Every structure is written in structure tokens, then in C-alpha cells.
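Report on the structure given below.
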Amino acid sequence: MLIDEVNKDDNANMIGMTSAYYLLGIMSAFENRFQAMADAQMKEISWKQFYLIICISLCKEDPTLNQIADMVGSSHQNVKQILIKLVERGFVEIYADSEDKRKHRIRLTEHCKEFCTKNNYETDVIMEKMFAGITEEQIQTTIKTIEAIEKNMNGLE
């Protein structure tokens, strides 16, 4: 059931729900639906694994485990579990930092880079379909709104 269908469902009672609560609810529902769709599209790895790959690829130098955990907003332990699966599948390598052996750095393998290149077209098609009819201004407004909510949330931890 799509989010707008939930609103029209006789079984749902949205009366009195504030916009802020509704926004958080649809963000959670969207994330779940997106993850299920992405997992179904990518046969080799999960969306969470692919998201980690995206974050690693955005770094100027091979990131540490802690840097990636901070970047994705997840615990060190959760990120390590995802990385172990990516190592087992040959997508990333974890190695000791040359200057500080206590730090572990992560790099993408050639297998991973080939996988990303091979799947670029399909990913672009999915993104075009998902964002069809949505203006750049709407996307930027959404980004700024989520950034502002996150900034406010930082003081609550």
C-alpha cells in the first residue's frame, strides 16, 4: 500500500496528527519501501551494503571504520557487520593504516568498481523514474528540511 493510500484507508485515523509526526512517519515508511525495492533490484548485495559502498566512494582517501560509521549515521558494530559481508563478497578490503596500526581503513576492490560500472545504467533509470515530475527546487527544499531536522536532533542525543 502506498503512503497516500494509507491516508485514504478507512482503517487509518490521521485526524489530529500534526504534520511533523506525519512527516516522520512517511519518512520511515518510505525508507522501508525504498530498501525493499532496492534489495529486489540488486541481486548481488543489499541496499545497506550498496549505501556503504556509495559512502566509501565519496571519501577523498580510504576511510576508517569510524569515519564510515559517522557518515552513515550508524553504530561502529552495525557498520562492521555490513563490511564483513562486503569483504566476504569481494567488494571491499579492510587494511591497517600505515601510520597508525590501530586504525583500519576500507577500500573498494576492482570487483566492486566493475559491479558499480555495470549497474550504473540501471541505477540511473530507477532514479529517473523515482524522481519523475519532481523539480530540483523540491529536491533541494527536502534536503534542507531534513538537514535542519537533523541539526535540531543533535541537541537531543
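Since every read-out is calculated from the coordinates, none of them should be taken as a lab result. As the structure is a computational prediction, the values presented were derived from the model and not from experiment. With ideal geometry, Cβ positions are generated from the backbone for all residues, glycine too; neighbour counts draw on all protein chains shown.
Overview of values
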quantity: Value of Rg to Rh for the chain (Rh from inverse mean 1/r over Cα pairs, i.e. Kirkwood); calculated: 1.02
quantity: The chain, relative contact order [Cα under 8 Å, separation at least 6], %; calculated: 13
quantity: Computed FRET value (nearest 0.05) for GLU128 with LEU58, which takes r as the C-beta separation and R₀ as 22 Å; calculated: 0.55
quantity: TYR95 versus GLU31: modelled label distance in nm, points set 7 Å from Cα along the beta carbon direction; calculated: 3.4
quantity: Pairs beyond 27 Å (Cα-Cα), from LYS60/LYS101; LYS85/LYS144; LYS85/LYS113; LYS85/LYS129; LYS60/LYS85; LYS43/LYS129; calculated: LYS85/LYS144; LYS85/LYS129
quantity: Cα centroid separation - region 92-157 against region 40-88, whole Å; calculated: 9
quantity: Sparse-neighbourhood loop sites, trypsin sites (Lys or Arg not before Pro) in region 43-105 - DSSP loop, at most 10 other Cβ within 10 angstrom; calculated: LYS43, LYS60, LYS101, ARG102
quantity: Length gained when the stretch VAL87-THR145 is fully extended (0.36 nm per residue, less Cα-Cα span); calculated: 17.4 nm
quantity: Total charge dipole magnitude, region 42-154, about the Cα centre, Cβ charges on Lys, Arg, Asp, Glu only, Debye to nearest 20; calculated: 400
quantity: Computed E for GLU136/ASP39 - FRET, C-beta separation, R0 25 angstrom, nearest 0.05; calculated: 0.35
